[in-house]
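First the structure, in the form of structure tokens, and then the observations on it.
The values are calculated or read from the model by the stated rules, or taken from the named source; none is laboratory data. Only a predicted model underlies this, so the values are computations on that prediction, with no experimental measurement involved. Here the Cβ positions follow ideal geometry from the backbone for every residue, glycine too, while neighbour counts run over all protein chains shown.
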């Protein structure tokens with residue numbers, strides 16, 4: 001179902017127009033307003049609960065430094081299944097008695113308190129929460145999940161030592177150690193200007209909660225931000241998917257196991273922009289270019305599948321519930 005308030009999210013002549021995760025931007029604050037409308041190369045450090053991040057096209061060499069191998073995904077699957085078994089649950093059959101409301105704390109990190117240097121206003125944060133809730137409720141299309149999100153706090157922080165936010169740096173670790181709040185079921189989102197032209201990154205759930213847990217997004221990727229074409233809020237939608245235990249739709253390429261979700265057709269590689277048609281693997285269906293866990297533009301993404309909704313619920317029960 002299309003959202004009348006978001007005209008880019010609709011089907012046009014059979015082509016869905018919707019978005020993705022974390023991409024790369026120029027680290028200059030001035031560049032935010034002139035962010036090129038191009039597709040992105042991914043940079044996704046996901047191993048052992050580390051982050052998943054996306055980069056702007058043309059960022060040669062910034063492609064998945066910690067992309068999960070088949071052995072790493074198998075290890076994660078075994079751990080998740082063991083945790084579920086320990087709770088008396090069977091993977092793929094977990095149900096939610098009611099909608100799961102996830103408390104959200106947004107840490108707005110800035111170098112000087114100005115919009116040009118990361119201090120986005122409250123109305124854009126509210127718009128981002130609205131997109132998260134509609135995306136996970138299936139309002140734009142696809143399956144409704146068990147999750148909704150409730151903003152409980154906006155924490156504004158001015159600290160030049162943490163700015164820009166550099167993935168994997170001592171500054172990022174110090175920032176999260178100082179700011180993160182809540183338990184494993186509390187979503188901490190950090191916004192600001194990011195290093196290496198990145199749009200964002202997220203941690204996967206882990207057995208032991210770490211202060212690194214959470215989602216980092218480019219401040220101007222929120223709805224109404226300046227990071228066109230990644231300014232409709234789907235960087236957060238995608239990264240929260242990782243936080244809830246989803247892999248990319250292209251994880252594992254054309255292998256049978258790929259992203260561990262049976263109803264997302266395998267694809268050999270990430271899709272960028274918004275292709276009219278794409279089918280990179282045989283006998284599995286056309287590529288899921290409109291899925292939130294691919295890498296297409298925000299105007300091209302609009303759905304999670306039933307299998308992804310189940311996997312997120314399994315992951316929540318195993319790690320965060």
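The residue pairs whose first member lies in segment 135-150 and is touching a residue at least 12 places away in the same chain (Cβ under 8 Å) and on the phi > 0 side of the Ramachandran plot, whose second member is surrounded by 19 or more Cβ atoms within 10 Å (Cβ to Cβ) and part of a loop (DSSP other than H, G, I, E, B), and whose beta carbons are closer than 7 Å, counting only pairs six or more residues apart or on different chains, are 141/302; 142/302; 142/304; 142/305.
Among the residues making up segment 223-277, a single one is under 15 Å from the mean Cα position of the chain (by Cα) and farther than 26 Å from residue 148 by Cα: 270. Restricting the search to strands (runs of 3 or more DSSP E) fully inside segment 178-255 and requiring at least 3 residues that are closer than 28 Å to residue 318 by Cα and modelled with pLDDT under 95 gives 198-202. Quick check, is residue 134 surrounded by fewer than 13 Cβ atoms within 10 Å (Cβ to Cβ), out of contact with any strand residue (DSSP E or B) (no Cβ under 8 Å at 6 or more places or on another chain) and modelled with pLDDT of 95 or more? Spelling it out, it is not the case that residue 134 is surrounded by fewer than 13 Cβ atoms within 10 Å (Cβ to Cβ), out of contact with any strand residue (DSSP E or B) (no Cβ under 8 Å at 6 or more places or on another chain) and modelled with pLDDT of 95 or more. Only a single item in (1) under 19 Å from residue 94 (Cβ atoms); (2) crowded, with 23+ Cβ neighbours inside 10 Å; (3) in contact with a strand residue (DSSP E or B) (Cβ under 9 Å, 6 or more places away or on another chain) is not met by residue 315, and it is number (3). Considering (1) farther than 30 Å from residue 73 by Cβ; (2) within 19 Å of the chain's Cα centre (by Cα), the lone condition that residue 137 does not fulfil carries the number (1).
Restricted to segment 137-150, and to residues there that are surrounded by 18 or more Cβ atoms within 10 Å (Cβ to Cβ) and touching a helix residue (DSSP H, G or I) at 6+ places or on another chain (Cβ under 7 Å), the residue that is nearest to residue 105 (Cα to Cα) is 149.
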